[in-house]
1. Considering the stretch 1-29 alone, what residues qualify as being over 10 Å from the mean Cα position of the chain (by Cα), surrounded by 10 or more Cβ atoms within 10 Å (Cβ to Cβ) and of a type outside the set (A, V, I, L, M, F, W, C)?
2. When you check ARG41 against the structure, is it surrounded by 10 or more Cβ atoms within 10 Å (Cβ to Cβ), more than 20 Å from the chain's Cα centre (by Cα) and not hydroxyl-bearing (Ser, Thr, Tyr), yes or no?
3. Here is a check on your reading of the model: is ALA32 at pLDDT 95 or above and either loosely packed, with under 10 Cβ neighbours inside 10 Å or not polar (S, T, N, Q) (or both)?
Amino acid sequence: MFEAYFGLIEVALVFGLAVAFYLWQRHDLKKARDKTRARERQRQADKKTD
């Protein structure tokens, strides 16, 4: 009986880690995208002043 519960707990932990990793990566990608957009806006502003 304990083995069945251990399997369910393991599945829950693995699934939870997969979701956490997805959220972490999504957050990092959003930060990188925002940084890239800011850099592109700065380039556009620099071109307009030249």
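1. Answer for the stretch 1-29, where residues must be over 10 Å from the mean Cα position of the chain (by Cα), surrounded by 10 or more Cβ atoms within 10 Å (Cβ to Cβ) and of a type outside the set (A, V, I, L, M, F, W, C): GLY7, GLU10, GLY16.
2. Yes: the conditions hold for ARG41.
3. Yes.
The values are calculated or read from the model by the stated rules, or taken from the named source; none is laboratory data. Quick caveat, the model's predicted, so the values are computed rather than measured. As a convention, Cβ positions derive from the backbone with ideal geometry for all residues, glycine included, and neighbour counts pool all protein chains shown.
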